[in-house]
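The values are calculated or read from the model by the stated rules, or taken from the named source; none is laboratory data. These figures come from a predicted structure and were not determined experimentally. Here the Cβ positions follow ideal geometry from the backbone for every residue, glycine too, while neighbour counts run over all protein chains shown. Areas reflect the complete protein model, heavy atoms only, side chains present, ligands, DNA and RNA absent. Shrake-Rupley method; radii C 1.70, N 1.55, O 1.52, S 1.80 Å.
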Amino acid sequence: MEEAINDKQVAVWAMIPAGPPDMGAQGADIVGPMHNPTAASSTSVASKFPRSVVLILAVALMASACTATKPRQEAAPAQAELPADPNALILGAEVALQRKQYLEASRAYVRAAELSQDETLSEQATRIAYENNQWTLVRAAGQRWLTLNPTNEDAHRFVGAAGLHLYQIYLAATHFKALIESAFISPKAGFLQLLPQLLGESSGAAALAVLQKVVGDYPDVAEAHYAVAQAAIEADHFALGLEHARRAREIAPYWSPAGMLLARVQVMLKQTDEGLATAKSVIDQDPQDSDKLEFAILQIAADKEEEGRKALQTMAETEGKSQAAAQRALALIEYQSGQHESAAQRFSALLASGRFVYEAQFHLGTMAEVRGDTEDAIQAYDRVTGGEFAVAAQTRGARLKARAGGIEAALTSLETFGSNRPQYTIQVLQAESTLQDELGDPKGALATLDRGLKEYPDSNELRLARVFLLESQNKVSDAVEELRVIVQERPDDPAALNALGYTLVDRTRHQREGLELIERALAITPDNGAVLDSMGWALHKVGRQEEALEHLQRARQRVQDGEVELHVGEVLAALGRKEEALQVWQAAAQRFPENTDLKERLKKSAK
């Protein structure tokens, strides 16, 4: 396997949009109404049912609004047996929604849909379940919808999304393929327009698995190979990305997105001369500002930083479509290199222009936190209420609030944010649990995840978070038992395979079994830093030290993490290179001062 990118390049890739071309600044609206949770508000159901039901519902909702809020750790009530009347079920579902009992509401809606021939009700049930992350129920309601209307495109979208979340690849592929064949003007348009949903709904590995099942039917469609290549990069499978990017470029040699994607993956695989030449040929054919911007970023990733920065600076000073993106790229480069004053000026300029607002606020908050300006940091974090940085910003802000006002102040802050923005509910629950554990309340942390899983039983994120918490509390057998269930349900999910494999290697005597599981994960995502680290550690545990060091060195190129450095040192020590091991640990302890394991290892090595 060719050498992967280094730490600096990992940061650089964040500047390049991952979606297909012509998606706009936000890049997702084209996938349809299911990505707009407010488009199918539960209140709209009132117009579809008799006036008497609506009146009863209004009284019931008014009464439910007076119900006291449940304590944070109170268990949800047992699920009552559902009635057999659709109207009664809808009434109960609306009351449950008002009480924020989302699983109960979704179950009732899906049951009502199953008892009715009304396609509108099936649609409503599907949307309610989707909005509330109830993936098994999305699948059931969507399939009922398709029974009533087998060609409905939105129903296929929803069932496909459920398949992605549940890691049921055949199910997802079946429904996305149906969309590609019938929902768009051509398969070319279908691949480009479905790609954002595939990547947005799932891990890169799941999206890649789905596309691999579909692409064989479209061997001469450049957009199909482009989509596979994009998903392969997201799945940390660069060799496969290179293969399909090359094929897309061969089929459509004058289509600039295919050329720029090929250039990107070439540079990621350290084929820097080829990558830059590919990008240059694209610009020579069709000199678009967006491609010039990406070329400058590729130059920086290829260690031609002076040339890349100069090009970015020119774009940042020239009015045009790429001006703000160039300013953002320069701000990120300066931020990563510790030039915080100039980075702050650029982020402030972006704020004033109204571009990349949440990202700019987040980084301004982190720089204020580094300076020790807690109040400024909290204010900046509180303003990040949307986008990919929202939960990270709110979590960092909550941590700062905990130092001043205690854990309850922090949890209240997170809960308020999650309540106002339900699309982040599961991530907020994870953040709450992590914060509780960090601040000395491991029981509360576990209770938070248990509470979340009662309401969101299909959330693999919460299940894995709970497993990791159990493992950290030395409840290893419980963690392994749950991980085995997850792997049984999701046998090709590299995250599940890696989690079980590493736990077996690190905490049990089943190291050979753990190694085999990690090997399966690595075959799916061969350039993933976490899996490479697990593989290196597993090889160390079974005595294959040279191979272990090779994998750990590759992991260091993909992730910056104290645990990886700890593992590198242990393998060096096992190889008799104790001075090198000590140097690695000392350097890592300075870079990762919060890592207590590194501190303990240094103390042990001094004895």
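Assorted remarks:
- Calculated from backbone phi, Karplus (6.51, -1.76, 1.60) coupling profile of region 574-584 in Hz, x at Gly/Pro: 5, 8, x, 9, 5, 5, 5, 4, 4, 4, 4
- Residue-averaged 222 nm ellipticity for the chain, from DSSP H runs of 4+ at -39500 (n - 2.57), nearest 500: -23000 deg cm²/dmol
- Difference of contour (0.36 nm per residue) and Cα-Cα distance, Lys321 to Glu243: 25.0 nm
- For a straight C-alpha distance cut-off of 15 angstrom, the aspartates and glutamates reachable from Lys607 (same-chain residues fewer than eight places away being disregarded) are Glu579.
- Element breakdown for the chain at a 1.4 angstrom probe: carbon and sulfur atoms account for 50% of the accessible area.
- Over the chain, the reciprocal of the mean inverse Cα-Cα separation, the Kirkwood hydrodynamic radius, stands at 26.3 Å.
- Region 347-363 - phi-based ³J(HN,Hα) in whole Hz, Karplus 6.51/-1.76/1.60, Gly and Pro as x: 5, 5, 5, 5, 4, 5, 7, x, 10, 6, 5, 5, 5, 5, 4, 4, 5
- The length gained on full extension between Lys100 and Thr136, counted as 0.36 nm times the residue separation minus their Cα-Cα distance, comes to 11.1 nm.
- With both labels modelled 7 Å from their Cα along Cα-to-Cβ, the Gln488 to Ala84 distance reads 3.3 nm.
- Average accessible surface for the chain: 45 Å² per residue, computed with a 1.4 Å probe over protein heavy atoms with every protein chain in place.
- Proximal lysines to Lys603, defined as alpha-carbon separation beneath 24 angstrom and excluding residues fewer than eight positions away on the same chain: Lys541, Lys578
- Listed pairs Lys270/Lys604; Lys213/Lys280; Lys270/Lys310 exceeding 27 Å between Cα atoms: Lys270/Lys604; Lys213/Lys280
- Gain upon complete extension [Lys475, Ser605; 0.36 nm per residue less C-alpha separation]: 44.0 nm
- At R0 = 41 Å, FRET efficiency that the Cβ-Cβ distance of Asp273 and Ile185 yields, to 0.05: 0.60
- Sequence-distant lysines (8 or more away, or on other chains) whose Cα lies within less than 30 Å of Lys454: Lys70, Lys100, Lys401, Lys443, Lys475
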